[in-house]
Amino acid sequence: MTTIPFIDLQTQKKRMGANIEAAIQRVLAHGGYIMGPEVFELETKLSEFSGAKHSISCSNGTDALTMVLMAKGIKAGDAVFVPSFTFAATAEVVVLRCATPVFVDVLPDTFNMDPRSLEQAICVAKQLGLNPSAVIPVDIFGQPADYDAIEDICAKNQLWLLSDAAQSFGATYKGRKVGTIGLATSTSFFPAKPLGCYGDGGAVFTDDDELARILRSIRVHGQGSEDKYENVRIGINGRLDTIQAAILIEKLKIFPSELAQRDQVAERYHAALKDIVQVQSVMENTSSTWAQYAFLLEEASQRADVLDRLKTVKIPTAIYYPKPLHKQIAYSQYPTASKGSLPISENLSARIMSIPMHPYLDTQLQSQIVNAVYMALNESVLA
Ligand SMILES: *Cc1c(COP(=O)(O)O)cnc(C)c1O
């Protein structure tokens, strides 16, 4: 029996034939490894794809978030609202700006930021004497957060919105494309993300001309627009490698078809699993990139049991995320929307698990995975 990959990059590589090698060879031939022509070609193509006026490629999804916080001058005393049920980078960048992340709970069905908890978090920040500044909703597992509701709250409280779309580039929210929502959107091209390169990469999207200009400067050590040896602000080394841009140009060509395949795979999982476990529900008129296929079990002990049983039959699994950020040592001193506990984030972390998800999961392999989940659940119930 061959091992089942959790994410299958090999089949994707085969599908693209010699295109990737040829793209890399072109970069080796022209030698423009840093900010070569492919970087700008990719940015144009990302804008065409997403509809964002400006696409600013960068070194990774974490720096994409950082660059926006730097451009907006986020500083000590500012409160930035982030979900607790996310990857650490979403909150880490806030702390690195010396600002305070305030943790918001998520919804039990979509696993995305709960607008009501956001309102509570804003009150908490004010009580603490912090300056409510920005919200960073995360499109968890590829599904956009409830932006209509969050944007209303932002407008009422004069907050700006940065969408952490590290997992959701290619998704849509009620007719709007990811990349065009909020003041700015960040994404990641980490290899395991739906659109991944062969190393680290990321991008920021915005329709704001002035913000785009500042982001381009911050990306290269705060350089001036006239003279690159002039430093007009503090920046970072945040460039995307030309080789990674060349790889992404090739991968972007098949990305629309991969997104359709991801949808099919998710639909098949959904049909098979929705009555036996609680699957992530998708909002109406909204699409997901299905960066993960995640569902909830009854409780932590059942999950441990199911994970064990799947391991013995060699079905790869993962837990995103085993601990909400407000419970992590590094983040436990930061405020939360409700005193001491964010019940939904904690509950999800105890019960959630993910199974293999990628565009090349054929029906046969998928049946094998689904059958194994059925068996594991049955045995777990009987045990
Ligand atoms: C992957 C990820 C990031 C960070 O992206 P990197 O490219 O790894 O820096 C940020 N936020 C979320 C929600 C992610 O999943």
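The values are calculated or read from the model by the stated rules, or taken from the named source; none is laboratory data. Small disclaimer: the values here were computed from a predicted structure and weren't measured. Every residue, glycine as well, gets a Cβ built from its backbone with ideal geometry; the counts of neighbours run over all protein chains shown. When the accessible area is computed, the model is the full protein with side chains, heavy atoms only, and any ligands, DNA or RNA have been set aside. Shrake-Rupley method; radii C 1.70, N 1.55, O 1.52, S 1.80 Å.
List pairs: first residue in region 81-107 and under 18 Å from Cys154 (Cα atoms) and in contact (Cβ under 8 Å) with a residue 60 or more places away in the chain, second residue open to solvent by 10 Å² or more (accessible area, probe 1.4 Å) and of a type in the set (Val, Ile, Thr) anywhere in the structure, Cβ distance under 6 angstrom, at least six positions apart or on different chains.
Phe103/Thr336; Asp105/Ile344; Val106/Ile344
I'd like to know if region 220-228 contains one or more residues that are away from the ligand (no atom under 13 Å from the Cβ), outside any loop (DSSP other than H, G, I, E, B) and open to solvent by 10 Å² or more (accessible area, probe 1.4 Å).
Yes: region 220-228 contains one or more residues that are away from the ligand (no atom under 13 Å from the Cβ), outside any loop (DSSP other than H, G, I, E, B) and open to solvent by 10 Å² or more (accessible area, probe 1.4 Å).
State all residues of region 156-175 that are in contact (Cβ under 8 Å) with a residue 60 or more places away in the chain, part of a loop (DSSP other than H, G, I, E, B) and more than 10 Å from the ligand (Cβ to nearest atom); if no residue qualifies, say none.
Selection gives Leu159, Phe169, Gly170, Ala171, Lys174, Gly175.
Cβ contacts < 7 Å: first residue within 19 Å of Asn285 (Cβ to Cβ) and open to solvent by 10 Å² or more (accessible area, probe 1.4 Å), restricted to region 176-190; second residue of a type outside the set (Val, Ile, Thr) and within 13 Å of the ligand (Cβ to nearest atom), any location; separation 6+ or different chain. Result?
Short answer, once both residue conditions are applied: Gly182/Leu162; Gly182/Ser163.
All but one of (1) in contact with a strand residue (DSSP E or B) (Cβ under 6 Å, 6 or more places away or on another chain); (2) within 16 Å of the ligand (Cβ to nearest atom) hold for Leu183, so report the exception by its number.
(2)
Quick one: which strands (runs of 3 or more DSSP E) sit completely within region 54-140 and have at least 3 residues that are under 22 Å from Thr206 (Cα atoms), open to solvent by 10 Å² or more (accessible area, probe 1.4 Å) and within 16 Å of the ligand (Cβ to nearest atom)?
Counting at least 3 such residues, we get no strands (runs of 3 or more DSSP E) at all.
Identify, from the list Ala145, Ala203, Ala149, the residue that is farther than 22 Å from Lys45 by Cα and not in a loop (DSSP other than H, G, I, E, B).
Answer to the selection: Ala149.
Can you tell me which of Ala337, Ala304, Ala318 is open to solvent by 50 Å² or more (accessible area, probe 1.4 Å) and hydrophobic (A, V, I, L, M, F, W, C)?
Ala304 is the lone residue from the list that is open to solvent by 50 Å² or more (accessible area, probe 1.4 Å) and hydrophobic (A, V, I, L, M, F, W, C).
When you scan region 28-35, do you find a residue that is touching a residue at least 12 places away in the same chain (Cβ under 8 Å), within 30 Å of Leu183 (Cβ to Cβ) and in contact with a helix residue (DSSP H, G or I) (Cβ under 9 Å, 6 or more places away or on another chain), even just one?
There is at least one residue in region 28-35 that is touching a residue at least 12 places away in the same chain (Cβ under 8 Å), within 30 Å of Leu183 (Cβ to Cβ) and in contact with a helix residue (DSSP H, G or I) (Cβ under 9 Å, 6 or more places away or on another chain).
Output the helices (runs of 4 or more DSSP H) that fall wholly within region 267-383 and possess 1 or more residues being closer than 18 Å to Ala88 by Cα and either under 25 Å from the mean Cα position of the chain (by Cα) or modelled with pLDDT under 95 (or both), or say none.
Result: 343-351.
If you take the residues of region 279-301 that are among the polar types (S, T, N, Q) and touching a residue at least 60 places away in the same chain (Cβ under 8 Å), which of them is most open to solvent (accessible area, probe 1.4 Å)?
Per the stated criteria, the residue is Asn285.
Can you say whether Ala149 is in contact (Cβ under 8 Å) with a residue 12 or more places away in the chain, within 15 Å of the ligand (Cβ to nearest atom) and either open to solvent by less than 20 Å² (accessible area, probe 1.4 Å) or among the hydrophobic types (A, V, I, L, M, F, W, C) (or both), as far as the supplied structure shows?
no
Tell me which residues, restricted to region 12-27, are more than 14 Å from Thr242 (Cα to Cα), open to solvent by 50 Å² or more (accessible area, probe 1.4 Å) and either touching a helix residue (DSSP H, G or I) at 6+ places or on another chain (Cβ under 7 Å) or assigned to a helix (DSSP H, G or I) (or both).
Of everything in region 12-27, those that are more than 14 Å from Thr242 (Cα to Cα), open to solvent by 50 Å² or more (accessible area, probe 1.4 Å) and either touching a helix residue (DSSP H, G or I) at 6+ places or on another chain (Cβ under 7 Å) or assigned to a helix (DSSP H, G or I) (or both) turn out to be Lys13, Lys14, Arg15, Asn19.
Just checking, which of Glu48, Glu38 is surrounded by 22 or more Cβ atoms within 10 Å (Cβ to Cβ), away from the ligand (no atom under 16 Å from the Cβ), over 19 Å from the mean Cα position of the chain (by Cα) and in a helix (DSSP H, G or I)?
Glu38
Please verify whether Thr206 is hydroxyl-bearing (Ser, Thr, Tyr) and open to solvent by 20 Å² or more (accessible area, probe 1.4 Å), treating the condition exactly as stated.
For Thr206, the condition - hydroxyl-bearing (Ser, Thr, Tyr) and open to solvent by 20 Å² or more (accessible area, probe 1.4 Å) - is not met.
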